[in-house]
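Remarks on the structure that follows.
The values are calculated or read from the model by the stated rules, or taken from the named source; none is laboratory data. Every value quoted in this text rests on a predicted model; they were computed, and no experiment measured them. Quick reminder, even Gly has a Cβ in these numbers, built from the backbone with ideal geometry, and neighbours come from all protein chains shown. The area values use the complete protein model at the heavy-atom level, side chains included, leaving out ligands, DNA and RNA. Shrake-Rupley method; radii C 1.70, N 1.55, O 1.52, S 1.80 Å.
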Amino acid sequence: MEIKVLKSILNANDQVAEQNRQELTRRKILTINLMSSPGAGKTTLILKTIEALKGKARIGVIEGDVSSDIDSQKIGQVGAPTVQINTGGGCHLDASMVNEALKNLPLDDIDILFIENVGNLICPGGFDLGEHLKVLISSTPEGDDKPYKYPGLFTEANVLVVSKTDLLPYVNFDMPGFLRAVSGINQKVRVFSVSANKEGSFKEWADWLSGELSCRSI
Ligand code: MG
Ligand code: ZN
């Protein structure tokens, strides 16, 4: 008699990711895997979110970079707990790196955890970290063709943040065309537009995020 094992067999990264997610869920820490190409504004989004949610949500940050602690220093300066991971050449974070970083964060004092992935639009999408939400940033100077060139991350993202919208008059970026391309591959993605140079421009995103924190049954 043949017995078929239907349970999916998780690879090693997915097993650690699942452990991370269970721990983070048990602690009710809403966890975000933040991805984009280099320089699109991941650290800026985190800093602006910390500012916008001051007094409403306590934010912790895991900073992933190939080298340096420049970004974690910026986060530390505004008083948020942060751990730097240097991948030493690696182009993405994996679940065991995050597992180690979690041991060095004050998890009892964190409501929202940002994991800033290495700047790269390709492989970060292939490695589950144990997050609850995948947030992708696309900046206007990068051009409007990214959903066609890197469909993987655009397909998987729960949230898409279009950044540097103050540059729209100067760059070759057709916003309606870009949004059509995105909805062609991902109908469920939630889209926000931001600019660090426009007062209050992160409010809509931050309000949505704090709403997710209270209504999501993580
Ligand atoms: Mg950064
Ligand atoms: Zn990689």
- Note on the structure: Between the modelled labels at CYS215 and THR87 (7 Å from Cα along Cα→Cβ) the distance in nm is 3.4
- Message: Can you sort CYS215, CYS91, CYS123 by solvent-accessible area, 1.4 Å probe, largest first?
- Response: CYS215, CYS91, CYS123
- Query: In the structure shown, do any of LYS28/LYS56; LYS48/LYS188; LYS42/LYS188; LYS54/LYS74 have a Cα-Cα gap over 18 Å, and if so which?
  - Reply: LYS48/LYS188; LYS42/LYS188
- Note on the structure: Check: C-alpha center region 146-209 vs C-alpha center region 60-77, spacing in Å is 24
- Task: Take the chain, connect every pair of alpha-carbon atoms lying under 10 Å apart with a spring to form a Gaussian network, then pick out the residue of SER96, SER139, SER67 with the largest mean-square fluctuation.
- Result: SER67
- With all protein chains present and a 1.4 Å probe, the order of LEU107, LEU179 from largest accessible area down is LEU179, LEU107
- Message: Counting only other residues whose beta carbon sits under 14 Å from that of LYS74, what net charge do I get with K and R as +1, D and E as -1?
- Response: -4
- Message: Using Cα-Cα distances under 8 Å and only pairs 6 or more residues apart, what relative contact order does the chain have, in percent?
- Response: 25
- Note on the structure: Semi-axes of the chain from the Cα gyration tensor (sqrt of 5 times each eigenvalue, largest first, whole Å) come to 27, 23, 17
- Lys, Arg +1 and Asp, Glu -1 on Cβ, resulting dipole of the chain about Cα centre, debye, nearest 20: 500
- Query: Roughly how many debye, to the nearest 20, is the charge dipole of region 139-218 about its Cα centre, given +1 on each Lys and Arg Cβ, -1 on each Asp and Glu Cβ, and no other charges?
  - Reply: 180
- Scan around THR31 for amide H atoms under 5 Å from its own, H built in the peptide plane at 1.01 Å from N, and keep only partners 5 or more places away or cross-chain. LEU113, HIS132, LEU133
- Could you tell me the largest-minus-smallest coordinate of the C-alpha atoms of region 166-210 on each of the three principal axes, in descending order and whole angstroms? 30, 29, 9
- With Cβ to Cβ distances under 14 Å as the rule, what net charge do the other residues near TYR150 carry (K, R +1; D, E -1)? -1
- Could you tell me the accessible area of VAL191 in Å² (1.4 Å probe, neighbours in place), rounded to the nearest ten? 60
- Phi angles of region 95-109, converted by Karplus (6.51 cos²θ - 1.76 cosθ + 1.60, θ = phi - 60°) into ³J(HN,Hα) in whole Hz with x for Gly and Pro, give 5, 6, 4, 5, 4, 5, 4, 4, 5, 10, 10, x, 5, 5, 10
- Task: Express the carbon and sulfur contribution to the solvent-accessible surface of the chain as a percent, rounded to the nearest whole number, probe 1.4 angstrom.
- Result: 51
- Where the chain is the region considered: accessible area per residue in Å², 1.4 Å probe: 50
- Query: In nm, what is the difference between 0.36 nm times the number of residues separating GLN77 and ASP109 and their Cα-Cα distance?
  - Reply: 9.8 nm
- Query: In nm, to one decimal, how far is the GLU199 label point from the GLN19 one, both placed 7 Å along Cα→Cβ?
  - Reply: 4.9
- Please compute the net charge surrounding THR25, taking Lys and Arg as +1 and Asp and Glu as -1 over other residues with Cβ under 12 Å from its Cβ. +2
